[in-house]
1. So for the chain, averaging the separation of alpha carbon pairs under 8 Å that are six or more residues apart and normalising by length, what relative contact order in percent results?
2. Given K119/K203; K74/K307; K68/K119, which pairs have Cα atoms separated by over 27 Å?
3. So, with +1 on the Cβ of K and R and -1 on the Cβ of D and E, and no other charges, what is the size of the charge dipole of region 97-184 about its Cα centre, to the nearest 20 debye?
4. For the chain, give the magnitude of the charge dipole about the Cα centre (Cβ charges: +1 Lys/Arg, -1 Asp/Glu; no others), in debye to the nearest 20.
5. Taking 0.36 nm per residue of sequence separation and subtracting the Cα-Cα distance, how much length would be gained by fully extending the chain between E78 and T209, in nm to one decimal?
6. Normalise the Debye intensity by I(0) for region 97-184, one equal point scatterer per Cα, no solvent, then take log10 at q = 0.12, 0.15, 0.24 Å⁻¹ and round to two decimals.
7. Of G53, G36, A90, whose Cα points farthest to the positive end of the dipole of the chain (charges on the beta-carbon: +1 Lys, Arg; -1 Asp, Glu; origin at the Cα centre)?
8. Distance check, please: which entries in K206/K235; K126/K246; K178/K234; K235/K279 exceed 26 angstrom between their Cα atoms?
Amino acid sequence: MKKLNLIIMLVSLYLVTGCASDVHLITEGENALFSGNYDRAITDLTACVRAEGDKGDNSSYCSFLLGKAYFDKKRYSEAIKYFKRAIDIAPRADSNTYGLLPAWYFWLGRAYSANGQHKEAIAYLKKAVAIAPEQIPDNWWPKWKGRTLQPTKASCYFWLGYAYYNDKQFQEAINAFKRSINLSSSAPDPYTVLAASYIQLKKYDKAITATKRAIQIKPNSFAYVTMGNAYHGKKQFNEAIAAYKKAIEIDPNYSAAFRQLGLTLSVKKDYNGAARAFKKAAELSPSILSYWTDLAITYYRMGQYYKALDAGGRP
């Protein structure tokens with residue numbers, strides 16, 4: 001009898017210390033993840049996933065956090081693997097007790113989007129939209145020092161629109177961005193990407209209106225470049241140039257703004273100005289071949305053939 005009691009005590013002690021160890025790994029992994037120490041987070045959370053297996057109380061949660069650590073490291077294939085695992089092994093009866101399910105679908109959708117798998121992204125972000133709340137309840141995980149990985153319905157619609165945009169479903173993107181704005185109209189980005197979607201459909205006036213609203217909320221270079229693109233589409237080149245210059249004033253290192261400025265100056269046959277703009281774009285982002293090609297073509301038009309050959313041979 002004493003021997004049996006001893007065995008029971010040892011088994012109980014093992015279970016308690018094992019659970020405590022897993023909780024410790026989760027805590028350390030959360031702290032590392034939210035602190036930006038992704039390598040440490042991956043180490044701790046990988047250990048947690050192994051310890052929990054497929055049926056542990058925290059197995060799906062550990063997998064989700066590990067997926068997020070890989071996502072933040074821009075290792076999207078691994079992120080997808082662990083986000084999917086979190087969903088597959090989740091105990092369906094209580095998986096949404098603390099609101100975990102919207103976060104799983106949301107981040108899996110974003111990982112697919114970042115990995116260039118836009119149709120898969122759309123499928124999971126639509127699932128996130130269906131169950132995400134408009135406001136995050138206080139008891140929903142995961143959160144750390146006031147920060148949360150939980151998506152609101154507005155953010156789900158925003159990223160769904162982004163996935164539609166990248167999949168060239170521009171009207172669907174517009175619909176999603178509008179839904180995001182209707183739920184939360186205080187951020188500039190939904191208006192700017194809404195404008196970019198309108199530009200793809202040649203609805204330039206609507207695009208300009210959307211960018212003006214984005215700038216009203218917060219002046220930013222992305223909104224001004226998008227505004228410039230809309231004016232360029234309308235062939236209002238002076239207004240486009242003014243918008244691009246405003247973007248550059250806000251962010252002098254924004255290579256795309258210099259490139260778009262160069263394109264518009266080229267249309268106006270201001271090749272000297274275009275060459276300066278393309279050269280700056282290429283210097284800021286030397287690995288982007290199209291910037292050097294733009295510069296080479298402009299030098300060729302100016303009759304500066306040696307410079308054209310030099311630029312055409314980059315990067």
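Laboratory data are not the source of any read-out in this text; all were calculated from the coordinates shown. These figures come from a predicted structure and were not determined experimentally. Because the Cβ atoms are built from the backbone with ideal geometry, glycine has one as well, and the counts that use them run over all protein chains shown.
1. Details: 465 pairs, mean separation 22.0, N = 315.
Relative contact order, the chain: 7 percent.
2. K74/K307
3. Numbers: 11 positive and 5 negative charges, 21 e Å.
The dipole of region 97-184 has a size of about 100 debye.
4. Rounded to the nearest 20 debye, it is 1000 debye.
5. Details: separation 131, 0.36 × 131 = 47.16 nm, distance 4.02 nm.
Full extension of this stretch gives 43.1 nm more.
6. -0.33, -0.50, -1.10
7. Value: G36.
8. Values: K206/K235 15 Å; K126/K246 36 Å; K178/K234 23 Å; K235/K279 24 Å.
Distance filter (> 26 Å) returns K126/K246.
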